[in-house]
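Down below is the structure, laid out as structure tokens.
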Amino acid sequence: MEKRRFKRTTVYLKAERISGNEKYGVFIENISEKGIHMLATHAAVHAHYSAGKNIDVRFHIAQRKKPLILRCRIRWSCPKIPPNGLTDSIGLEILDPPPQYIEFVKTLH
């Protein structure tokens, strides 16, 4: 059984994946202090979810008026091609998570 360094917490958060000037709606399914499991609707524009690529993820938390923007690196992806699957599953490593994010995660435990 694999041991994770940080405890994961199940959440259901709407978010945006930002690549340059393009934004795509995604859902965050679980989080930890250093990682995110994200779901995205399967589409050709998401085909470039390749391990090692950096992306930004933006979402709101109740404690802040401004959204959090997290710089992340794709660690793995599992595309689900319709008609059998409707979402792609993506694992992200958060690069230098800000203190506000760490505090938010700790409140969920």
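Just so you know, all these numbers are worked out from the coordinates, no wet-lab data involved. No experiment lies behind these values; they were computed from the predicted model shown. FYI the Cβ positions are ideal-geometry reconstructions off the backbone, even for glycines, and counts take in every protein chain you see.
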ask   = Any idea which of GLY25, ALA62, ILE94 is furthest toward the positive side of the dipole for the chain, if Lys and Arg beta-carbons carry +1 and Asp and Glu beta-carbons -1?
value = ALA62
request  = Quick one: angle between helix 99-108 and the longest Cα principal axis of the chain, in degrees between 0 and 90, rounded to 10, please.
outcome  = 90 degrees
query = If the cut-off is a Cα-Cα distance under 15 Å, which aspartates and glutamates reach LYS7, setting aside same-chain residues fewer than 8 apart in sequence?
reply = GLU29, GLU33, GLU93, GLU103
